[in-house]
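I have placed the structure first, in the form of structure tokens, so that the comments after it can refer back to it.
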Amino acid sequence: MTYQPNQIDEIAKKIWKEQDVYRVENDFSKPKKYILDMFPYPSGAGLHVGHPLGYVASDIYSRFLRMQGYNVLHPMGFDSFGLPAEQYAIETGQHPRDTTAENIKTYRRQFDKIGLSYDWSRQVVTSDPSYYKWTQWIFSELFNSIYCNENQRAYKIDVLIKHFEDHGSNGNTAFTNQNVDEFTAAEWKLKSEKEKSDVLMSYRLAYVSYGEVNWCEALGTVLANDEVINGRSERGNHPVMKKKMRQWSLRITAYAERLLRNLDELQFADSLKDQQRNWIGKSVGATVEFKVENHKAESGIAVYTTRPDTIFGATFIVLAPEHPMVSELTSSENHEQIEAYILACKSKSEIDRQAEKTVSGQFIGSYAVHPFTKKRIPIYVAEYVLMGYGSGAIMAVPSEDERDRKFAEKFGIEIVEIFDKSGILKAEIGDKQGKLINSDFINGMSWDSGFEAVVLALEKEGQASFKTQYRLRDANFSRQRYWGEPFPILWKDDIPELVPITDLPVENADVSEITPTADGRAPQARNEAWVHAVPGFQREVDTMPAFAGSSWYFLRYMDPNNTENFVDKKVATYWNQVDVYVGGTEHAVGHLLYSRFFNMVLFDLGYISFEEPYKRLINQGMIQGRTQFVYRRNSNPNLFVSKNLIPKEQMTEYSPIRVDVSFVESDILDLKKFKAWRKEYALAEFELEDGKYVCGSEIEKMSKSKYNVVNPDTIIDKYGADTFRMYEMFLGPIEQGKPWNPLGIEGVSKFLKRFYSLYFDEAGHSRLSDLTPTSDELKSLHKVIDKVTRDMENFSFNTSVSSLMIALNELTSFKTTSSEILIPLLRVICPLAPHTAEAIWVQLGNKESIVKVKYPEANLEYLREDAIEYPVSINGKTRTKIRISADADENSAKEIVLADEVVLKWIGVQEVRKFIFVKNRMINIVVS
RNA sequence: GCGGGUGUGGUGAAAUUGGUAGACACGCUAGACUUAGGAUCUAGUGCUUCGCGGCUUGGGGGUUCGAGUCCCUCCACCCGCACCA
């Protein structure tokens, strides 16, 4: 019997199902490993060959750990709330619940087909009420918590309320990024419910506010900062504008420092850590106050600067157009121009504003007073200063900041050089080099001493303070959508209250139509009965964003059926951190930051015992598609010309058209399939080269619309699951992106066939014998055990596949039949090719699945050589090889080598100046 | 502009971390078995030279007995961030 992939797959899958081999118990007595994949959004398109790259890798690793005796938690679920399901529902009239369920089925079938070893009894689905009950519960916890700056952790809000009752706002250490007026304990008691609610709202980790949000008209919703890319929506690429709305937000900024600091401990790729660092954007500087000339207000303009040392170069002040002091500082003569300028800024979309590269601004008509020189310096309004960062105002130093310089040049403002950069090679603007000049009492200082001296001097006057600033913003948590978690919030008199935990989950309202109401409220508002279900209250009609459910799902897998708690603390302590998390880099600043935040809050509140969710992260690269093109002649739309018949300069006379990759093999188009594809091509004519139509190609992202999607199902149907798995791994290092290339797959397929025939002859009889293995056979076996075992920790499965191929080549040439070699070999290949290993295992008469059989250990004794073939170099060039006993020392080796004929020939009359002997490696002779 | 990464045969890639560059595989060439080959097996395959040999890890320079690997410099490409004061 020869290797029949489909039969093999079937045999293996049957055993796994019968013996329920992938079920994992919370067995605290066993050492654990938690291997996690980023769960997918179950889209209607199903999986393409790019998706399983990471899944296969984590599966191999999980299987390996299982065979090493670990209790391995390796679960999978579905991130099933989200926009695409909703939009599809609107288009087709189906409920997203139904299409989602349908898609999940497809995914499950595809996962099983690949042979991924998930414990499906632990599946989580974020849109399932039994799951989102706990998402709502976590929201409630966030709502009921505050962050203490002093102790750097979250507390229940009761602590803060008690503090207000006893001391008022005096001595309050709770984090806020909003303005809260001071009050005494007595004043607190006199506050109305609404007033109290408003004060507390400034501290809650989940809070509601009226603020500018990223509004996407086309999607009809607000987006989080990481969902907006260059002023456009990540999903759908629609324009995004600023809009003032009532919004729920998460106060992730409270955790900025911890999110940043902990990165050092995590095993994430440097690039990914940098992306997070960049997103958090810590900068150390100072707030400096500039008094305004002839202005009645006591406080001046607060500016944020990271370079207080440059203050003597500050020759103007710039306010953001939205800055609250703009109108009061505008002189009556300038009123009109300023109004016009601000209006112009406002009417621009984010995209236009970012695209704008020319300097613009307006003089406001009043002056600030330099805190040291007391000179009057003009105040401007300009777009390049953003209200959302720092204080929305800057002191402009044209000599040390490029944007300030451009502005100064355009408006003819004085530029004062404040650094003596003579003698410094390649001195650049703002590079902190040189000694300070023209700077009064800090003259001669370096930038950092100047920094401190300036802030300390102004601090005494109450005009400056050190300030650390983060770029990270609070996360918008409201979506004016339907297909997301409803908020567990009831409104009464403009005060939000939590739905009691006993009433959770709040399930999605049934609505006649999944579109916003006529007055622009979210779809759930259509169901009046749902909104008013609790007498005297109105339900919040917005839903949570997709990242709500995905920010804590890794915890639910540990204890998926717990109805009392989101996860039992003991169970969570046992499974603990995810040992290895595998997924794409696209979640670098979204999911990975939010889930770290959720985990930290739950840790602070004592529900779990670890602060960071993921110990190690592996980012698999993206497999791209190879799009194929045909070339249609513009002057004759029925004529398609083979690629190489078109000279480059005539290419403009043709339109390249994407064709489905399934019509093309090795760039040759199947004309029949193409003609049958669409009516308009039925009568197509072709100009062929050598009787063939050659297509063009381009590497692009795999996507339905580009007709370059390769479905794993077709590969598996043809070659079997193990060929697919091993080929994905064999393609190259896991982190690296690469185009899908079907050509190499035959090599892996052949390998598995030959591997199988090591065990069975053509008639299907076992070849195994009880012969004593030779030392060569033992060396082959233990070499591959050693190599694969070492590769596992590095996720370097491409070289594991190679080493298995080498082992097979060697054992085939030895005509090995010894079961002492072949049985361990079967266990070595098992994680990579589980179906093949299982099927052979069963056919050899075993009853218990191979899945939990112990992984072999390499015995390095077998790898030891008696003699080493030393490469001998003369002046660094390898000239010959000489076999020398492995335990030979330098002197005995020297004797042998210098007597060698070839060596002598190369040395000739020259003198041996040096003899370098690296034991077990090589020999180099230096002559001259 | 800033940050991170990559660059090795016709192709995907290896290289024990400073020690025989190109393992393994695809492709290609030749041969065998076959009615046939897009099946299987065998041999060859970095470039160059008839050969001895010479050259070769994006370019240039350096350290070293020895560099794909370390240092300097330049180039190209990919990813992320971007008026963040």
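The values are calculated or read from the model by the stated rules, or taken from the named source; none is laboratory data. Source: prediction; values computed, not measured. Every residue, glycine as well, gets a Cβ built from its backbone with ideal geometry; the counts of neighbours run over all protein chains shown. Only protein heavy atoms, including side chains, enter the accessible area calculation; ligands, DNA and RNA are left aside. Shrake-Rupley method; radii C 1.70, N 1.55, O 1.52, S 1.80 Å.
Summed over the range A:900-927, residues that are open to solvent by less than 70 Å² (accessible area, probe 1.4 Å) and at negative phi total 15. Among the residues of the range A:544-570, which ones are under 30 Å from A:Gln480 (Cβ atoms) and of a type in the set (A, V, I, L, M, F, W, C)? Within the range A:544-570, A:Met544, A:Ala546, A:Phe547, A:Ala548, A:Trp552, A:Phe554, A:Leu555, A:Phe566 qualify.
Of all residues in the range A:849-859, none are without any contact (Cβ under 8 Å) to a residue 24 or more places away in the chain and within 14 Å of RNA strand B (Cβ to nearest atom).
Here is the figure for the range A:407-446: residues that are outside any loop (DSSP other than H, G, I, E, B), surrounded by 15 or more Cβ atoms within 10 Å (Cβ to Cβ) and out of contact with any strand residue (DSSP E or B) (no Cβ under 6 Å at 6 or more places or on another chain) total 5. Exactly one of (1) part of a helix (DSSP H, G or I); (2) closer than 22 Å to A:Phe487 by Cβ; (3) open to solvent by less than 20 Å² (accessible area, probe 1.4 Å) is unmet by A:Asp59. Its number? In the conditions (1) part of a helix (DSSP H, G or I); (2) closer than 22 Å to A:Phe487 by Cβ; (3) open to solvent by less than 20 Å² (accessible area, probe 1.4 Å), A:Asp59 misses (2) alone. Note on the range A:646-674: residues that are more than 25 Å from A:Leu743 (Cα to Cα) and open to solvent by less than 80 Å² (accessible area, probe 1.4 Å) total 7.
Yes or no, residue by residue, for (1) of a type in the set (Gly, Ala, Ser); (2) at pLDDT 90 or above; (3) open to solvent by less than 50 Å² (accessible area, probe 1.4 Å):
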position	(1), (2), (3)
A:Trp215	no, no, yes
A:Val222	no, no, yes
A:Glu234	no, no, no
A:Lys242	no, no, no
A:Met245	no, no, yes
A:Tyr255	no, yes, yes
A:Arg258	no, yes, yes
A:Leu263	no, yes, yes
A:Phe268	no, yes, yes
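One residue is enough: does the range A:280-289 have a residue meeting the conditions more than 15 Å from RNA strand B (Cβ to nearest atom), under 28 Å from A:Tyr581 (Cβ atoms) and of a type outside the set (Val, Ile, Thr)? No, that holds for no residue.
Filtering the range A:173-195 to residues that are part of a loop (DSSP other than H, G, I, E, B), open to solvent by 60 Å² or more (accessible area, probe 1.4 Å) and out of contact with any helix residue (DSSP H, G or I) (no Cβ under 9 Å at 6 or more places or on another chain) leaves A:Asn179, A:Glu182.
Listed here are the residues, each with its yes/no results for (1) modelled with pLDDT under 95; (2) touching a strand residue (DSSP E or B) at 6+ places or on another chain (Cβ under 9 Å); (3) of a type outside the set (A, V, I, L, M).
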| residue | (1), (2), (3) |
| --- | --- |
| A:Pro129 | no, no, yes |
| A:Phe139 | no, yes, yes |
| A:Ile146 | no, yes, no |
| A:Asn179 | yes, no, yes |
| A:Glu182 | yes, no, yes |
| A:Ser197 | no, yes, yes |
| A:Met201 | no, yes, no |
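For A:Arg277, the stated conditions hold: it is near RNA strand B (Cβ under 9 Å from one of its atoms) and modelled with pLDDT of 90 or more. When restricted to residues that are open to solvent by less than 30 Å² (accessible area, probe 1.4 Å), among the small types (Gly, Ala, Ser) and touching a strand residue (DSSP E or B) at 6+ places or on another chain (Cβ under 9 Å), the range A:791-844 contains 1.
When only residues in the range A:1-46 that are of a type in the set (Ser, Thr, Tyr) and in contact with a strand residue (DSSP E or B) (Cβ under 8 Å, 6 or more places away or on another chain) count, which is least open to solvent (accessible area, probe 1.4 Å)? Checked the range A:1-46; the qualifying residue least open to solvent (accessible area, probe 1.4 Å) is A:Tyr34. Count of the range A:706-736 residues, restricted to those that are within 7 Å of RNA strand B (Cβ to nearest atom) and open to solvent by 30 Å² or more (accessible area, probe 1.4 Å), is 4. Restricting A:Ile623, A:Ile608 to those that are open to solvent by less than 30 Å² (accessible area, probe 1.4 Å), under 20 Å from A:Gly54 (Cβ atoms) and among the β-branched types (Val, Ile, Thr) reduces the list to A:Ile623.
Within the range A:632-643, the residues that satisfy the criterion of being more than 41 Å from the chain's Cα centre (by Cα) and either hydroxyl-bearing (Ser, Thr, Tyr) or in a helix (DSSP H, G or I) (or both) are A:Ser635, A:Ser642. If you go through the range A:865-878 and keep only what is in a strand (DSSP E or B) and surrounded by fewer than 17 Cβ atoms within 10 Å (Cβ to Cβ), you end up with A:Ala867, A:Glu869, A:Pro871, A:Lys877, A:Thr878. Residues that are modelled with pLDDT under 90 and more than 7 Å from RNA strand B (Cβ to nearest atom) were ranked within the range A:741-768; the one that is most open to solvent (accessible area, probe 1.4 Å) is A:Glu762.
Being away from RNA strand B (no atom under 15 Å from the Cβ), over 14 Å from A:Arg307 (Cα atoms) and hydrophobic (A, V, I, L, M, F, W, C) is the filter here; which residues of the range A:425-450 pass it? Within the range A:425-450, A:Ile437, A:Phe441 qualify. Checking each residue in the range A:89-107 for being at pLDDT 90 or above and part of a helix (DSSP H, G or I) picks out A:Pro96, A:Arg97, A:Asp98, A:Thr99, A:Thr100, A:Ala101, A:Glu102, A:Asn103, A:Ile104, A:Lys105, A:Thr106, A:Tyr107.
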